[in-house]
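The values are calculated or read from the model by the stated rules, or taken from the named source; none is laboratory data. As the structure is a computational prediction, the values presented were derived from the model and not from experiment. Every residue, glycine among them, receives a Cβ derived from its backbone with ideal geometry; neighbour counts consider all protein chains shown.
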């Protein structure tokens with residue numbers, strides 16, 4: 001779907017012809033593949049600054065369907081939540097390497113499994129990128145157990 005290369009501007013997908021700052025809200029939101037990786041609890045090594053992802057996810061994440069159960073209120077309800085902007089995606093080192101916002105900010109292509117490319121939201125799960133079914137809500141985990149839940153997510 002998104003790989004049309006006829007040369008006409010209207011045939012070029014918006015993510016290839018627009019800067020992040022120039023996208024409409026609808027276009028911006030459609031970049032999110034809903035993998036849930038940015039909602040994972042992350043730990044930072046105090047000595048190296050390295051970010052470690054865990055198998056623990058924000059309490060607002062819907063473990064059955066995926067996605068945030070309070071998307072429009074997430075920053076108010078979860079002070080640690082960082083709503084993404086074009087400026088922020090260029091500076092947040094913890095964004096997953098598969099994140100469309102990060103990839104486009106770095107001048108890279110969307111992956112072949114991305115829903116904007118495939119036309120199918122389920123392609124994220126089939127590619128093994130989505131965290132749904134592999135995470136535990138932070139409301140069910142003792143903070144002292146987080147280091148034991150560090151995982152390496154597939155790239």
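Looking across the stretch 96-136, just one residue is touching a strand residue (DSSP E or B) at 6+ places or on another chain (Cβ under 6 Å) and surrounded by fewer than 17 Cβ atoms within 10 Å (Cβ to Cβ), and that is 136.
If the condition is being more than 25 Å from residue 21 (Cα to Cα), touching a strand residue (DSSP E or B) at 6+ places or on another chain (Cβ under 7 Å) and not in a loop (DSSP other than H, G, I, E, B), then the stretch 46-95 contributes 51, 52, 53, 54, 55, 56, 57, 61. Does residue 38 satisfy the criteria of being surrounded by 15 or more Cβ atoms within 10 Å (Cβ to Cβ) and either more than 30 Å from residue 147 (Cα to Cα) or modelled with pLDDT of 95 or more (or both)? Judged against the criteria, residue 38 is not a match.
Report yes if residue 27 is at pLDDT 95 or above, surrounded by 12 or more Cβ atoms within 10 Å (Cβ to Cβ) and more than 17 Å from residue 133 (Cβ to Cβ), otherwise no. Yes, satisfied. Across the stretch 111-155, what is the number of residues that are in a helix (DSSP H, G or I) and touching a residue at least 60 places away in the same chain (Cβ under 8 Å)? Total meeting the criteria: 10. Which of the numbered conditions does residue 96 fail, given that it passes all the others? Conditions: (1) more than 26 Å from residue 148 (Cβ to Cβ); (2) touching a residue at least 12 places away in the same chain (Cβ under 8 Å). Evaluating residue 96 over (1) more than 26 Å from residue 148 (Cβ to Cβ); (2) touching a residue at least 12 places away in the same chain (Cβ under 8 Å) leaves (1) as the failure.
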